[in-house]
Amino acid sequence: MGVGRLERLCYREEEVSATLHVSSYRLRELPCLILVGGLGTRLRPVLCDMPKPMAPIAGRPFLEYLVRWLRCAGVVEITLCTGYRADKIQEFFQSGERLGVRINYSLEQEPLGTWGAIRQAAKDLRNSNFLVLNGDSWLQVDLHQLFDFHLRARGIATIAAADVGDASRFGSIQVDGSWRIVQFTEKQTRDSGLVNGGVYVFSRDIVANAPTTGVSLEKDIFPVLVPHGIYAMPVRGYFVDIGVPEEYKRLQGDAKNWIERLALPKVGGGTC
């Protein structure tokens with residue numbers, strides 16, 4: 001995607017200032033599901049039997065950084081959708097009190113896939129909207145802006161879309177002039193483009209409208225729900241995905257820079 005095209009798509013600062021706080025909702029009232037149940041087979045040679053989201057970065061689990069980042073944004077209700085080695089995750093995070101949040105657990109008795117995990121955990125939510133994060137990636141996005149964008153768009157889901165130089169590993173997102181997604185493109189060329197950044201706001205309607213047989217959020221659910229209104233908010237922020245050994249190694253080498261971008265007051269102690 002060219003710079004000019006991205007400029008037209010990006011959520012400009014003047015638009016943000018005019019539309020922030022459209023709703024009386026606050027992020028404190030927005031529950032968040034974090035997907036941490038994957039088998040992490042590609043990282044297994046590096047992590048042995050450790051869950052992928054528990055991969056250490058500068059001495060702390062990757063997932064702890066995500067939780068602390070959410071807390072600094074105002075999110076306090078978190079459900080960890082666990083599966084493989086759930087005991088390791090629950091033993092470390094417990095109730096979440098140490099990090100200033102309330103943590104619940106939705107345990108997969110068998111692998112459910114990304115959508116299956118969301119569907120199971122969403123049964124216990126009563127809110128009109130909820131956040132979802134991948135537990136093995138991070139996109140530098142303002143969650144207040146993302147939520148306001150979602151409320152304005154009035155779609156069934158909003159994806160924080162990262163602009164990357166090589167979209168071949170992820171597949172890309174095709175949008176129209178109103179940021180509504182018209183197509184999800186599978187992994188193809190090495191061109192730049194918008195890709196799924198692993199941060200979402202969902203309306204509860206997504207559960208009712210999604211097919212009951214789907215397993216993968218990305219492959220089975222999103223393409224089917226395009227007619228119901230899925231939007232992308234383009235983001236230029238730092239994007240990292242530790243799903244493969246080379247990316248995990250890169251983040252380890254860039255840990256100081258990444259932690260600074262998280263803007264946490266202190267990693268490993270205290271809260272925002």
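The values are calculated or read from the model by the stated rules, or taken from the named source; none is laboratory data. On a predicted model such as this, the values are computed, not experimentally measured, just so you know. Neighbour counts are summed over all protein chains in view; Cβ atoms, including those assigned to glycine, are modelled from backbone coordinates with ideal geometry.
For Ser192, are the conditions met, namely being loosely packed, with under 15 Cβ neighbours inside 10 Å and either of a type in the set (D, E, K, R) or touching a residue at least 40 places away in the same chain (Cβ under 8 Å) (or both)? In short, no.
Residue-by-condition table, conditions (1) of a type in the set (D, E, K, R); (2) modelled with pLDDT of 95 or more; (3) closer than 26 Å to Arg119 by Cβ:
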position	(1), (2), (3)
Ile159	no, yes, yes
Asp163	yes, no, no
Gly171	no, no, yes
Thr185	no, no, yes
Tyr200	no, yes, yes
Ala208	no, no, yes
Tyr231	no, yes, yes
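Looking at (1) of a type outside the set (Val, Ile, Thr); (2) farther than 17 Å from Trp138 by Cα; (3) assigned to a helix (DSSP H, G or I); (4) at pLDDT 90 or above, which is the one condition that is false for Leu66? Every listed condition holds for Leu66 apart from (2).
Within segment 194-220, the set of residues being small (Gly, Ala, Ser) and within 16 Å of Ala122 (Cα to Cα) comprises Ser203, Ala208, Ala210, Gly214, Ser216. Checked against the criterion of being buried (at least 24 other Cβ atoms within 10 Å of the Cβ) and out of contact with any helix residue (DSSP H, G or I) (no Cβ under 8 Å at 6 or more places or on another chain), the candidates Ala161, Ala157 yield just one match: Ala161. Looking only at residues in segment 69-79 that are buried (at least 18 other Cβ atoms within 10 Å of the Cβ) and either at positive phi or touching a Ser or Thr at 6+ places or on another chain (Cβ under 7 Å) (or both), the one that is modelled with the highest pLDDT is Thr79.
Is there a residue in segment 40-52 that is assigned to a loop (DSSP other than H, G, I, E, B), modelled with pLDDT under 95 and touching a Pro at 6+ places or on another chain (Cβ under 8 Å)? Checked against the condition, which is being assigned to a loop (DSSP other than H, G, I, E, B), modelled with pLDDT under 95 and touching a Pro at 6+ places or on another chain (Cβ under 8 Å), segment 40-52 yields at least one hit.
Of all residues being under 15 Å from Trp69 (Cβ atoms) and of a type in the set (Val, Ile, Thr) in segment 118-148, which is surrounded by the fewest Cβ atoms within 10 Å (Cβ to Cβ)? Just the residue, please. So the residue we want is Val141. The helices (runs of 4 or more DSSP H) found entirely in segment 199-272 that carry 3 or more residues being among the hydrophobic types (A, V, I, L, M, F, W, C) and touching a residue at least 12 places away in the same chain (Cβ under 8 Å) are 222-229, 255-262. Filtering segment 85-117 to residues that are of a type in the set (D, E, K, R), exposed (fewer than 15 other Cβ atoms within 10 Å of the Cβ) and either touching a Phe, Trp or Tyr at 6+ places or on another chain (Cβ under 8 Å) or not in a strand (DSSP E or B) (or both) leaves Asp87, Glu91, Glu97, Arg98, Glu110.
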